[in-house]
Amino acid sequence: MKKYRIFILLFLFAGASTMFFSCSNEDALDLQNEMLELQSPYGEWKLRGYGTTESKQEILVTADRSSYYLTLKKDSTFTGTSSTNQIGGKFTIDTHRGVISFSQADFYFTNSKRVNETNDGSIYLSRLLKVTNYRVYTDQLHLYYSDKEYMAFVKPGNK
């Protein structure tokens, strides 16, 4: 009789342990999915500045509140604003490798031509078309237009 009690207790303990660990795995998977969701490049971004991987300093862009937005859509199209123009077009992306590029052939200005672009706006557009890689850090998006130089974007409201 004592052997059966020990066997039953061990069986109950094993069952409880299995349930406990399977629940924590589900919680961990949900947490991983949330982290992946946070690290998606898709959505609306606002240019904060330009930086390099060699320095922790970034050159901040102080411009009109409606300037330098970029919205990346899951259908591989983008919209946004430069210093004075509304822009849009297509991009290609490989989210597994962190590779992205904006198609110059499919790049357009909403009012069909570039109007009164500032010097800063021209630099922004030029660098945007040179982008080859990206990285997402919780609430920041870095678009690399060279091996070491990037455009730093933040979610609107996080500036």
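General remarks:
- Förster radius 25 Å - calculated FRET efficiency between Val115 and Lys148, Cβ distance, rounded to 0.05: 0.15
- Charge dipole (debye, nearest 20) of the stretch 43-151; +1 at Cβ of Lys and Arg, -1 at Cβ of Asp and Glu: 120
- Of the residues Tyr69, Tyr134, the one with the fewest other Cβ atoms within 10 Å heads the list, and the complete ranking is Tyr69, Tyr134.
- Positive minus negative residues near Phe78 (Lys, Arg vs Asp, Glu; Cβ under 12 Å): 0
- Gain in span if fully extended, Gln140 to Arg97, counting 0.36 nm per residue against the direct Cα distance: 13.7 nm
- Sorted by Cβ density within 10 Å, fewest first, the residues Lys130, Lys46: Lys130, Lys46
- Among Phe107, Phe91, Phe78, a tally of other beta-carbon atoms within 10 Å of each Cβ gives an order, fewest to most, of Phe107, Phe91, Phe78.
- Average projected area [Cα convex hull, the stretch 42-154], square nanometres: 6.9
- Chain lengthening between Tyr42 and Thr79 when straightened (0.36 nm per residue, less Cα-Cα): 12.2 nm
- Amide H contacts of Ile87: Gly80, Thr81, Ser82, Thr110, each under 5 Å away and 5 or more positions distant or on a separate chain (H built 1.01 Å from N in the peptide plane; Pro and chain starts excluded).
- Here the simple spin-label model places points 7 Å from the Cα toward Cβ, and for Asp64 and Thr132 these points are separated by 3.3 nm.
Here, each number is a calculation from the coordinates, and none is a lab measurement. Every value quoted in this text rests on a predicted model; they were computed, and no experiment measured them. Please note: Cβ atoms are built from the backbone with ideal geometry, for glycine as well, and neighbour counts cover all protein chains shown.
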